[in-house]
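Below is one structure, written out as structure tokens, with a few remarks after it.
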Amino acid sequence: MSDNIKILVADKLAPAGVEYLQAQPGVEVDVKTGLSEDELASTVKEYHGLLIRSAVQVTANVLQSPGELKAIARAGVGVDNIDLNAATNAGVLVMNSAEASTITTAEHAFAMLMALARNIGPAYKTMSDGGWDRNKYVGRELMGKTLGVVGFGRIGCTVVERGLAFGMKALAYDPFFNADTALDGRVRLVKSFDELVEQVDFLSFHVPLNDHTRNMLNAERFGKAKDGLMVINAARGGVIDIPALIAALDSGKCGGAAIDVFEQEPPPEDDPLRSHPKVLCTPHLGASTSEAQEGVSTSACSQILEYLKGEGLRGAVNASGVSFNLDAMQMRFVDLAERMGRLVAPMCEQGISEVTVTCQGSTLPAAASTIERVILVELLRSQIEAPVNVVNALPFAEERNIRSRCVVEDKSRTFARVAIDIKSGDETRHIAGCVYADGRPRILEINNYHMDMVPEGNMVLLLNEDKPGMVGMVGREIGDADANIADMALSRCGATAMMVIKVDSVCEESLINRLRARPGVLKVAAITLPELADVD
Ligand code: NAD
């Protein structure tokens, strides 16, 4: 297999993104659209990355044996066409390119809101049917009316900004937005959806569809709304209870509804939303502008490449908290954590039941989640055969009843340090390290042994009875095996001592076995760590 990064484009993407990928050295791009589920499953495993939009279904079957696949990028927002659990368990990162369609979708929602207020849809229909009716379509001004958004994320916030520009008052409901007001106090956050429904003239949805948002607007909520409430849904089909909406439209409780998204797309021909005189519907056009299509395509392509090259992680959907967009010092701590995990893993001979990662120092909070995951990857790798990476490390640990927690301590401390405490059977293991100002990592403690050792290259960890002659014996054995000692750290604690020895070449298994057999030697492990990159 070539060393190139191979990317499969399985959906119709705006050409700008594919052209960007094709222009990158070391990248092979194949465009294969219209594949069946089985064809996709057998094709995708040869690729490192998969690029899709909303048409391709990435099912558990597609991800069953992912082969080389490391990442799936969705050009756009919704990832309901990807089985996220299956992707996470397979260690495949899922990313979306939400930001590029924010303005476009907000503009569409706002266009629908304006069209509702001024009856643009039915008035146009009357005209095109040859009619002329000025009295029937008297509209409402936006100025001074109250706009309520459900979900104050990227799009919800952008819709509110547009409403404010039209002189509207703005309220928002978002249980995950922890503030009383936003946008310099111009939008008030309410505490419940009911509180929102009771006060607004226009209600616009900008939430994902999940168990909490399904049928959020139902008959009970319509009962609390002002008469003539106008409703806009450019989020996801399913957040409004459609029979309740139709009843509210018919009774006049709801003055009009603008619907861009449907539970089933396209909706059946006889769907009442298509023909109701007070409903304005569009065929999921929220993100459909040439600017957004080009934007989502180029950002999905650059994001997936960045991740596959190990240069960054943007728009991750199933690895929240992991960030590779860290500064140089934080990345050195991530690298240190990986080395610490590899060093301590062979010491955990019994099953691991608990892992506590402690990150101290003001530079580490942003990197803590990434640090925790890279450590888990190294610990799990030594115990399981399935491919484990930062995407699936946490679910893998959970599945195996390994309790993992990350403690971020004392943000004001200037001395940044990472420690790992592990419960392995009835034993505990501890390792701590830091990165000095020279940019090089150091191991400071292993169990109760203190040291100052740069973790790189071929290393031998040896636990022995603390008695005369041990260092000489170990040196002789290594010398007799024709291996050259490059560095050595020695630490004593009670009746035992620990040696961490760096050698110039990989230690043969026979040398390790000879050391293990020597009187006074309690434990020996050989580990090879990557050489350190030059530090500026
Ligand atoms: P976002 O993640 O930035 O914002 C979503 C917000 O919803 C978040 O702030 C979240 O805290 C909030 N939220 C989650 N659960 C909630 C709940 N139970 N009640 C209230 N708020 C809740 O996402 P976004 O980019 O703003 O997109 C919003 C929605 O728009 C998504 O569902 C997306 O699928 C949809 N969308 C539709 C189109 C289209 O073509 N019509 C295009 C783009 C996005």
Calculate, for Glu99 and Leu183, the FRET efficiency according to 1/(1 + (r/R0)^6) with r their C-beta to C-beta distance and R0 30 Å; round to the nearest 0.05. 0.95
Under the rule of at least 5 residues apart or a separate chain, name every residue whose amide H is placed under 5 Å from the amide H of Val407. Val357, Thr358, Cys359
Taking just the alpha carbons, could you work out the radius of gyration and Dmax for region 1-72, both in angstroms? 11.7, 32
Fraction of alpha-carbon pairs in region 457-529 farther than 14 Å apart, rounded to whole percent, equals 54
Based on the Cα gyration tensor of the chain, what are the three equivalent ellipsoid semi-axes, each the root of five times an eigenvalue, rounded to whole Å and given largest first? 59, 25, 19
Take the cross-link list Lys136/Lys253; Lys12/Lys125; Lys224/Lys278; Lys191/Lys224; Lys423/Lys502 and give me the ones stretching past 24 Å between alpha-carbons. Lys12/Lys125; Lys423/Lys502
Mean Cβ neighbour count within 10 Å, used as a protection proxy, ranking 516-527, 383-394, 148-159 highest first: 148-159, 383-394, 516-527
Charged-residue dipole, Cβ positions (Lys, Arg, Asp, Glu), the chain about Cα centre, Debye nearest 20: 1300
By how many nm would the segment from Asn61 to Glu509 lengthen if fully extended, with 0.36 nm per residue of separation less the alpha-carbon distance? 157.2 nm
Roughly how large, in nm² to one decimal, is the mean projection of the convex hull of the alpha-carbon atoms in region 319-455? 7.8
Using a cut-off of under 20 Å, list every residue of region 518-532 whose amide N is near the label point 7 Å from the Cα of Asp3 along the Cα-to-beta-carbon line. 530-532
Round to the nearest 0.05 the FRET efficiency obtained for Lys309 and Asp80 when R0 = 22 Å and r is the Cβ-Cβ distance. 0.20
Surrounding charge for Val454, neighbours by C-beta under 11 angstrom, Lys/Arg +1, Asp/Glu -1, total -1
In whole angstrom, largest first, the equivalent ellipsoid semi-axes that the Cα gyration tensor gives for region 101-281 are 25, 19, 15
Output the 0 to 90 degree angle, nearest 10, between the alpha-carbon long axis of helix 154-165 and the longest principal axis computed from the alpha carbons of the chain. 40
May I ask you to compute the full-extension gain from Glu409 to Asp133, defined as 0.36 nm times their residue separation minus their alpha-carbon distance, rounded to one decimal in nm? 92.4 nm
So for R0 = 56 Å, FRET eff. of Lys191-Leu522 from the Cβ-Cβ r, to 0.05, ends up at 0.40
Around Glu28, which amide H atoms from residues at least 5 apart in sequence, or from another chain, sit under 5 Å from its own amide H, with H modelled in the peptide plane? Ile5, Lys6, Ile7
How far apart, in nm, are the 7 Å Cα→Cβ label points at Glu265 and Lys467? 7.5
The answer for the net charge of residues other than Gly228 whose Cβ lies under 13 angstrom from its Cβ, with Lys and Arg +1 and Asp and Glu -1, is +3
Under-5 Å amide H pairs with Leu51, H placed in peptide plane, nonlocal only: Leu8, Val9, Ala10, Ala73
Sum up the charges of everything whose Cβ sits under 12 Å from the Cβ of Ala117, counting Lys and Arg as +1 and Asp and Glu as -1, but leave Ala117 out. +1
Taking a crude spin-label model, label points 7 Å out from Cα along the C-beta direction, the Ala219 to Thr126 distance in nm is 3.2
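Read-outs: derived from the displayed coordinates by stated rules, not from any lab. Computed from a prediction, not measured in an experiment: that's the story for all the values here. We place every Cβ from the backbone using ideal geometry, glycine too, and count neighbours over all the protein chains shown.
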